Structure formats: C-alpha cells, structure tokens
Amino acid sequence: MYRGTKIRPFEEKVWLSSPTMHGDELKYIQRAYETNWMSTVGENIDEVERQIAKKIGVKYAVALSSGTAALHLAVKLAGVKPKEKVFCSDMTFDATVNPVVYEGGIPIFIDTEYDTWNMDPVALEKAFEIYPDVRTVVIAHLYGTPGKIDEIKAVCDKYGAIIIEDAAESLGATYKGQETGSFGSFNCISFNGNKIITGSAGGCLLTNDLEVAEKVRKWSTQARENANWYQHEELGYNYRMSNVIAGVVRGQIPYLEEHIAAKKKIYDRYKEGLEGLPVSMNPFDSKNSNPNFWISCIIIDKEAMCPHVRGECNALYNAEKGKSCPTEILDVLHALNAEGRPIWKPMHMQPIYRMNPFVTMNGNGRARTNAYIYGKSIDVGMDIFDRGLCLPSDNKMNTIVQDKIIEVVKACFK
C-alpha cells in the first residue's frame, strides 16, 4: 500500500526501453555464420549501410562499432585540435561530449531550452559572442525529439561553424519532413541495446561526401594503407561494425516505423492518463517536428514539488500531501519492479566537467558564463533535471501494465 493506494508489484520486470526482437535478426546472423563472414566485412554490413543511408536521405552510411565511435571520428573529421574549444549540448549523455576530449578539445556547454529540452539557440549565439573563434558545434536530440534545427543552423552559419549531429536517440524522427541525422556536416546514430532499433551495439556515421565516407572506413579499420602488406601512415582505430552485429541491425531496420508507432502510443497514453496531475510530458514542436518518442518523460510543476535534494550519488526527499518529486516516483516504481530513470544530468553539473565553461540564458534572457558551482544556480537544464524523470517506455509494455504505472504516479501525489 502506498499513500492509501493498494498497488502490487509487477510479476515481471517492466523495463525503461529494452530490445524488441522479431526473428528476422536470427536469419541474418545465421547467414553470416554459414558463409563464414564473421568479421568486419560482409553482406549484412553492406545492406545496413545501404538501407540506413536510404532511410535517412544521405548518400553514405558507414557502419561502426558504436555511436560513440561515430562521434569520435566525426570530431576527428571536424579537425578538432588539442585545447580547441567546442560548443556542446549540455543536457545529454556524456557519450555526446567525451569524443571531443578524446581529441584534446575543450567542451563548452550550451544550456537547454524548455520548448524541446535541447540546445538553446539564444544561448548558442551568446556563446559565439564570447568565444567567436569556435568552429564546431555538437548537438544532440534528446529522447528522440528534434531540437530547434533551423535556429541552430542559422547561428552556426552566421559564425562559420560546422555541426556534428548526434542523432543517437532520434533515429526516425523528422524536422520539417527531413530525417534527423542529415542536418550536420557529420552525423551519427546508434544501435545500442536500448535504442529504437538495436544491434545490441553498433552505430553509423552519415555523410553526403564520398571522400569523408572513405576516410571513416579507413580510420575505422586501423588506417591500413592500400598495400599488399600492413602499411600504416596515420593513427587508426578498431571501430568497424562486425557482420554479425550488422545482421541484427539488418533484421531490425524493417520494424523501425512499427517501433516508433508503438512508442507514440505509449507517450499519448501517458499524456491522457496523467491529465489533471501537476505534471507535463517532455515537449516537442508539433508544427515542425515528429519525434520518435523513444522515451516518455514527465516534468513536475514547480509548486507541486516536495522538498528533495541530490548529492553526487544519493537523494533524499520529504513526502508531502498533494506533492511529489522524481526521487519519490522512481523509488516507488523500483519497489514495484519497474524501471524509471532520472533525466540526463547536465554535463556542466558532472564532476568531470564541472569546471568547463558553461553558457546559459537562465531561461530569463540573462547570460551567465561561469563554470558550475554546485547548488548556486538554477539553469534550464538543471531545472529539468531537478523536476523531471523518465517513465517506463518499453514498446512491449501492454496497456494494463501502463495503466498501472499511471496509477503509481497518481498515488505519489495523493
């Protein structure tokens, strides 16, 4: 019983977003096995590259071992040098940012905006006024929702900067009818185990430039030169996707739209079921964008937040009648055998990046550029992290299970 409501634990674990397999994957894995193409060449890889390029609307896709590998090679393609400053989305997973540091660059974090929970183009322009020599901007589309792409591109064009697009979470999402993963100079997607389609691992770098595609293929196979022996003239990496992993991805691609439709139903059902509570769903620009609805999230109204505080690894809260907080809801879900998550903790709050420059408009038009000092400021990303959480969004979750999760959330506000 919780706050007077009888809620029994789920018999089977309810996941945040687990792989949804269909059987075709086994057919292509078996083909790799039977033909003995088990390494980083083969029909499955060729087909993944062809089909993904066609889906996204780019000329070339290069299949790699992970989305992070794609981002790393994108940073290399951008020519980022040691000590060079790079603007990056602040509220994201750290895989968006770490590749900048791999090449010795210095991430400068750009705060989030409330409309889409993505990079704020106003803060980005302010950042260029402060750091006019920056040449590269890394943007992510959070939880499958496209950011304000036109506005971000306009700012980057004004200052002569290129965009690296991290579409790891947004495969299949569109902005003004164009697929995410096609807007930057170098674009990256992921097939990690929890993504909208999966290979258990893997990713792609997307480009319209044949020379770029060939460079990535070379770098990702240890930069071997075209010689009869092993000749190496530059640094390379073991980043190519295996033909076995590609078999899983190949089997998943035909089901992308089906997965997106299932995720949208989950989002819509949460939105309808939670109506009347002091919460709102993760937002998107319904006029210009179609998300893939990868993860359904909520943010609690400020006046409905009970007292809570987070340390580096722990959190505490005081329950209050009619109020709740992310920690309470997540604790109850966990106790009932369901998986929820906090919103991505912004990069400028992370211990590893806490002293990096950070540019925010604080949601009120006033700029702040100092490094983050814990607990001293509420910026947009920090505010969303403070009040938001990710709900179970597994597309195998039936309506009975989801309705029960809705009741769990309601119970937390009794």
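Every number in this text was worked out from the coordinates using simple rules, so none of it is lab data. Bear in mind that the values here come from a model prediction, so they are computed numbers and not experimental data. Cβ placement follows ideal geometry from the backbone for every residue including glycine, while neighbour counts extend to all protein chains displayed.
Expressed per residue, the C-alpha convex hull volume of the range 35-168 stands at 118 Å³.
Dipole size of the range 148-225 about its Cα centre, with +1 on Lys/Arg Cβ and -1 on Asp/Glu Cβ: approximately 140 debye, rounded to the nearest 20. Projected label points at Tyr2 and Asp331, each 7 Å from Cα along the beta carbon direction, are separated by 1.1 nanometres. With both residues required to sit in the range 106-235, DSSP beta bridges show an antiparallel share near 45%. A simple spin-label model places pseudo-atoms 7 Å from Cα toward Cβ; at Glu211 and Asn314 they are separated by 5.7 nm. Put in order of Cβ neighbour count within 10 Å, fewest first, the listed residues Asp386, Asp379, Asp46 become Asp46, Asp386, Asp379. Placing unit charges on the Cβ atoms only, positive for Lys and Arg and negative for Asp and Glu, gives the chain a dipole magnitude near 560 debye about its Cα centre. Rounded to the nearest 20 debye, the dipole magnitude of the range 24-255 is 500 debye, with +1 charges on Lys and Arg beta carbons, -1 on Asp and Glu beta carbons, and the Cα centre as origin. As a proxy for reagent exposure, ranking Tyr267, Tyr159 by other Cβ atoms within 10 Å from fewest up yields Tyr159, Tyr267. Averaging the Cα positions of each part gives two centres, and for the range 290-364 and the range 116-162 these lie 24 Å apart. Amide hydrogen proximity for Val279: with H placed 1.01 Å from N in the peptide plane, the residues at 5 or more positions away or on another chain lying under 5 Å are Asp301. Relative to the longest principal axis of the Cα atoms of the chain, helix 121-130 runs at roughly 60 degrees. Answer with one residue from Cys156, Leu142, Gly202: the one whose Cα lies farthest towards the positive end of the charge dipole of the range 24-255, charges on Cβ with Lys, Arg +1 and Asp, Glu -1. Working it through, the farthest residue towards the positive pole turns out to be Gly202. Of all DSSP beta bridges confined to the chain, the antiparallel ones make up roughly 60%. Ratio of Rg to Rh for the range 247-349: 1.03 [Cα atoms; Kirkwood radius as inverse mean 1/r over pairs]. Volume per residue for the chain equals 141 cubic angstrom (convex hull of Cα atoms).
So, R0 is 45 Å and r is the distance between the beta-carbons of Ala154 and Ser200; what FRET efficiency does that work out to, to 0.05? Calculated value: 0.70.
Rounded to whole numbers, the Karplus 3J(HN,Hα) couplings from phi for the range 305-321 are 7, 7, x, 8, 9, 10, x, 6, 10, 9, 9, 10, 8, 10, 5, 9, 4 Hz, using 6.51 cos²θ - 1.76 cosθ + 1.60 with θ = phi - 60°, and x at Gly and Pro.
May I ask which residue of Cys325, Ala223, Tyr33 lies farthest towards the positive end of the charge dipole of the chain, with charges of +1 (Lys, Arg) and -1 (Asp, Glu) on Cβ and the Cα centre as origin? Ranked along the dipole, the leading option is Cys325. Over all orientations, the range 24-255 has a Cα convex hull whose mean projected area works out to 12.5 square nanometres. Less than 5 angstrom separates the built amide H of Gln178 from none of the residues sequence-distant by 5 or more or on a different chain.
Helical runs (DSSP H, four residues minimum) scored at -39500 (n - 2.57) apiece and divided by the length of the chain put the mean residue ellipticity at 222 nm at -9500 deg cm²/dmol.
If you plug the beta carbon distance of Trp15 and Trp229 into 1/(1 + (r/R0)^6) with R0 = 51 Å, you get a FRET efficiency near 0.55. Counting beta carbons within 10 Å around each of Tyr317, Tyr2 and listing the fewest first gives the order Tyr2, Tyr317. Computed from Cα positions, the angle between helix 326-335 and the longest principal axis of the chain comes to roughly 80 degrees. Between the helical axis of 43-56 and the longest alpha-carbon principal axis of the chain there is an angle of about 60 degrees. Rounded to whole numbers, the Karplus 3J(HN,Hα) couplings from phi for the range 133-146 are 8, 5, 10, 9, 10, 9, 10, 10, 10, 6, 6, x, 9, x Hz, using 6.51 cos²θ - 1.76 cosθ + 1.60 with θ = phi - 60°, and x at Gly and Pro.
Ranked by the mean number of other Cβ atoms within 10 Å of their residues, highest first, the peptides 105-111, 301-307 fall in the order 105-111, 301-307. At an R0 of 30 angstrom, the distance between the Cβ atoms of Glu272 and Lys345 translates into a FRET efficiency of 0.55.
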